[in-house]
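Since the structure comes first, as structure tokens, the remarks are kept for the end.
Only the coordinates and a few stated rules stand behind these numbers; no lab work does. Quantities reported herein were computed from a predicted structural model and do not represent experimental measurements. Neighbour counts run over all protein chains shown; Cβ positions are idealised from the backbone, glycine included.
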Amino acid sequence: MSSSHQHETDVLIREQGYDDHFHEHHHGDKFQSNFITHYIFSQDHKIIARQFLITGIFWAIIGAGMSIIFRLQLGFPDDSLAWLKPLLGKWITINDAGVGALNPEFYYALVTMHGTIIVFFVLTAGLSGTFANLLIPFQVGARDMASPFLNMLSYWFFFLASLVMFISLFLSTGPFAGGWTAYPPLSALPEASSGSGAGMTLWLVSLTFFVVSVLLGGINYVTTVLNLRTKGMSLWRMPLTVWALLVTAILGILSFPVLVSGFFLLMFDRGMGTSFYLSEIFVNGHALENVGGSPILYQHLFWFLGHPEVYIIILPAMGLTSEVLSVHARKPIFGYKAMVYSILAIGFLSFIVWAHHMFMSGVNPFISNFFVVFTLIIAVPSAVKVFNWISTLYKGNIRFTSAMLFAIGFVSMFISGGLTGIFLGNSAIDIQLHDTYFVVAHFHIVMGIAAFFGMFAGVYHWFPRMYGRFMNETMGRIHFWMTMVGAYAIFWPMHYMGMAGVPRRYYRFDTFDAFSHFAGLNQFITIAAIIVFAAQLLFVFNFFYSIWYGRKMTTQNPWGANTLEWTAPIEPIHGNWPGNLPTVHRWAYDYSKEGADKDFIQQHLPLTDKEKAEAEHH
Amino acid sequence: MSTLISSGTIEQKSRKGFYAPLFALWAGMGSIVMMFGSLTSAYIVRQGAGNWLEFRMPDIFFYSTVVMLVSSVTLHGSYWAFRNNREMLYKLLLPLTLVLGIIFVIMQYQGWNALYAIGVALDGNPGGSFFYVISGIHAAHVIGGIFALTVALLHAFMLPYKPTEKRRRRFQLVLHYWHFVDFLWLYLFLFLLIQ
């Protein structure tokens, strides 16, 4: 894009933009006066987005690192882990022969923390926290979030949650070890296991802070999208990223409070002697006094959040993918309205399928039928989206950038993982597959890897908007191919193990006759996991290297994209646009339009006479 | 294709539509509704499973409900007075509302004591535990409202009386939240009464 075109954009916004008397409200840039208010307690959505992203990267390294340790245990159960002693200390016990073994209790803690960290801290806060903050104000044409102050608090509550969880990793009794779902009685009785005491207390405190963060953020995102859109930005002109982030925020506002209810009852059971979830339990040979509780009640409350939560994770990734696919295929997204209705349908259905996580917990089979039907219906909007992504690619003028590769990879992962969801959604098949590696494979591909792919696509694509520089493309492509091939190498074989009935969460399998023949496969998975982990470290290096040494962005709109964030100055300013806000005249997907002189027409460009005539004609 | 989406003329939307903080407050109240909705659903599910303690609600909860309803009326009166230049009435009804709010919380506390006195303990049968937890979490939300009322009270007595649009909207936030916790309690009270 030429600099003369850039000049045209600036002039256009100055002359035809929406005047919200910006500078009359802000005398000078008083918000960015010093280091602390600029970089630490910042109220600027662009800085807060980076804070979420970097905190998310920190947790991703820890969460993935934990998986490497327990994969080593599963792949090589007889080999010495003594070399991990400096890191894990007393959790590695060394026998007389000098062979170091991972403490089984700590193995469970690692599995539990891996799930908690990746689900909540990385793929919820790190994903929607980052991109809702970065993209919502930019793409709807707002100066900032509706409440920049609450937005800042949202990050710092997340930080507090992170801090508490991090401290719990170093407890002498270990972090919580009863699974990321924290089912009672393991989570309700401090004496149930070593991690159920202080570890579980900190887990509950941390996640309660986390929910506060999600609610403050979510309320802000919804309010901003519905109230602060610039002139001309009707709902039907919003990019799909904004639609996806809007529905994500609504899901969070409606489902996280239910989790908190469940947590409150759990806290009362732990500390006040109530029996909401406990009944007739023996611990260490002693009968407890608790009578009349129901552990299933917790599962209902947990999964009422838990199922929308998986869409809280995947919807932002879908939105990012839609945008990246369209920009780099130089084509309008296929079926824009169908995409929006699919997002809304998925959001609605996500609230009435939670019991499909509980088919084996003794719920009434007739009630299960209801949940089976709605679970399978989710396949419809999901398939609509997949069809539209593939149709967007069809005959596109595709640019295989790192962002585009990850977006295409997202579609592949979402198909592979989504198909196995249809198996698991059937309560009859679930009898065999429940709690096996088939489930592990399913959710890792469809909401783990796929969500990471959407996130990577977003990071590679919007990195210039965040840091004014590009990430290294060569490293990006190596990162993509290693992750793409490696992720399938890790999770594809798990389907076969699951169909054979190999249960998840076990410490070792070589002592079971039925599963010992999977030893080779387990080694293969572990080696693949180590290679994929190394590829992620390459990404982390690329990310930080590029912040300071990446190729500089010299034009405002390097990808030739239509959305408003690419009309703002390269050097970001508080308030996003100097002077007027851009006025929106068209939807976000005018790519390769017939008769246009370029293959993209940005949203702030007025309709031509020909377009006006066509519009009247319709 | 795009013309279907961005058809012709530009919609001239008012940039000053809904008051954003009020919208945010309503979104937050929506999330509180989900929380109490889930607690009362859990109540129904657990009750249906049997082994459930039935007891008569202490009378003091009827009186506290009346106090809460009256406080909504006084706050609305204060808001009306604020908008209609009745400064004295505004400054009379606002503190009255705050006092009623505090009385409500104290009465709830006495209600829990009365429950305990008739043998319904927090750590007993879940039938009683649910009552304590639901009314307790509600009381926590009322205490949040008392803080908001305190801020409104400081505005009323520290700042010169000026019924500007900005101050009206701030007051409106307090008003909506207070009505919300009021009607939320009415729902919970009736729910606990008829269950």
Item to complete: Name the longest site-free stretch of chain B, where the excluded sites are chymotrypsin sites (Phe, Trp or Tyr not before Pro) in a DSSP loop with no more than 16 other beta-carbon atoms within 10 Å.
Response: B:56-160
Practice prompt. Name the helices (complete DSSP H segments) of chain A with a Cα length along the long axis of 27 Å or more and a Kyte-Doolittle mean of at least -1.0, or state none.
Written response: A:45-75, A:148-168, A:198-227, A:240-271, A:295-329, A:402-424, A:473-499, A:519-549
Item to complete: Starting from the Cα of B:Lys166, draw a straight line to each of the lysines and keep only those under 16 Å, dropping any in the same chain fewer than 8 residues away.
Response: B:Lys16
Worksheet item: Each label point is 7 Å from the Cα along the Cα-to-Cβ direction; what then is the distance between the points at A:Ile422 and A:Arg551, in nm?
Response: 4.2
Worksheet item: Relative to the Cα centre, what is the charge dipole magnitude of the protein assembly as shown, using +1 at the beta carbon of each Lys and Arg, -1 at the beta carbon of each Asp and Glu, and rounding to the nearest 20 debye?
Response: 1600
Practice prompt. Take the alpha-carbon centre of the range A:172-223, take the same for the range B:127-187, and report the distance between them in whole Å.
Written response: 29
Discussion item. Could you tell me the center-to-center distance, by alpha carbons, between the range A:123-168 and the range A:552-618 in angstrom?
Written reply: 27
Worksheet, complete the sentence: A chain fully extended from B:Val66 to B:Leu89 at 0.36 nm per residue, minus the present Cα-Cα distance, gains in nm 6.1 nm
Worksheet entry | Cα extents of the protein assembly as shown along the three principal axes, largest first (Å) | 84, 80, 52
Response to the item:
In deg cm²/dmol, rounded to the nearest 500, the helical mean residue ellipticity at 222 nm of chain A, built from -39500 (n - 2.57) for every DSSP H run of length 4 or more, is -19500 deg cm²/dmol
Worksheet entry | Evaluated over the range B:59-194, the Cα radius of gyration and Dmax, each in Å | 16.7, 54
Worksheet item: Where a Cα-Cα gap under 12 Å defines reach, which aspartates and glutamates qualify for A:Lys90, not counting those fewer than 8 residues away within the same chain?
Response: A:Glu105
Fill in: Long-range HN-HN contacts of A:Thr436 with modeled amide H, under 5 Å
A:Arg504
Fill in: Residue-by-residue Karplus 3J(HN,Hα) for the range A:431-447, coefficients 6.51, -1.76, 1.60, Hz, glycine and proline x
4, 7, 8, 3, 6, 10, 5, 4, 5, 4, 4, 4, 6, 5, 6, 7, 10
Fill in: Mean Cβ count within 10 Å, highest first, over the residues of peptides A:534-547, A:323-336
A:323-336, A:534-547
